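Have a look at the structure below before the remarks.
The values are calculated or read from the model by the stated rules, or taken from the named source; none is laboratory data. Just so we're clear, the structure is a prediction, and the values are computed from it rather than from any experiment. Virtual Cβ from ideal backbone geometry, glycine too; neighbours counted across all protein chains shown.
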Amino acid sequence: MVVFATPMYWFSFPVQLKAVIDKFYSYIISKKAWKIKECALLVSGDVKDKIKFEGIVESYQLIAEFLGWKDSGVMTCKVPDLKG
């Protein structure tokens with residue numbers, strides 16, 4: 001199982017995690033077998049409305065579908081306002 005645990009950056013994955021995700025493509029084009037069958041997403045963000053997570057969640061779901069992985073769930077977490 002792969003668990004993507006990340007902060008949201010501009011409604012999507014941070015560039016460092018996106019680079020890792022992009023490496024999965026090499027397994028597809030080389031037709032290498034891999035043991036990963038499931039995935040999950042844990043994401044936090046400094047947003048007021050949970051609707052702001054839709055971009056990263058939809059991207060994650062499309063990635064899971066494309067790779068043939070079972071989506072084991074999504075958990076989003078709004079960061080609490082710590083400003084006084």
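Okay, here's what the table says:
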quantity	calculated
Count of residues meeting criterion [assigned to a helix (DSSP H, G or I) and either at pLDDT 95 or above or of a type in the set (A, V, I, L, M) (or both)] in the range 66-84	1
Looking only at the range 1-32, and only at residues there that are under 23 Å from V79 (Cβ atoms) and in a loop (DSSP other than H, G, I, E, B), the one that is nearest to the chain's Cα centre (by Cα)	F13
Filter result for K35 (assigned to a helix (DSSP H, G or I) and either surrounded by 10 or more Cβ atoms within 10 Å (Cβ to Cβ) or modelled with pLDDT under 95 (or both))	no
Some residue of the range 45-52 being assigned to a strand (DSSP E or B), at pLDDT below 95 and surrounded by 12 or more Cβ atoms within 10 Å (Cβ to Cβ)	yes
Residue check for S59: over 19 Å from T6 (Cα atoms), part of a helix (DSSP H, G or I) and hydroxyl-bearing (S, T, Y)	no
Cβ-Cβ under 7 Å pairs, at least 6 apart or on other chains, the range 37-48 side under 10 Å from K78 (Cβ atoms), far side of a type in the set (A, V, I, L, M) and loosely packed, with under 14 Cβ neighbours inside 10 Å	S44/V79; G45/V79; D46/V79
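Listed here are the residues, each with its yes/no results for (1) touching a Pro at 6+ places or on another chain (Cβ under 7 Å); (2) charged (D, E, K, R).
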{"residue": "F4", "(1), (2)": "no, no"}
{"residue": "S12", "(1), (2)": "no, no"}
{"residue": "Q16", "(1), (2)": "no, no"}
{"residue": "I21", "(1), (2)": "no, no"}
{"residue": "I28", "(1), (2)": "no, no"}
{"residue": "K32", "(1), (2)": "no, yes"}
{"residue": "S44", "(1), (2)": "yes, no"}
{"residue": "K48", "(1), (2)": "no, yes"}
{"residue": "E54", "(1), (2)": "no, yes"}
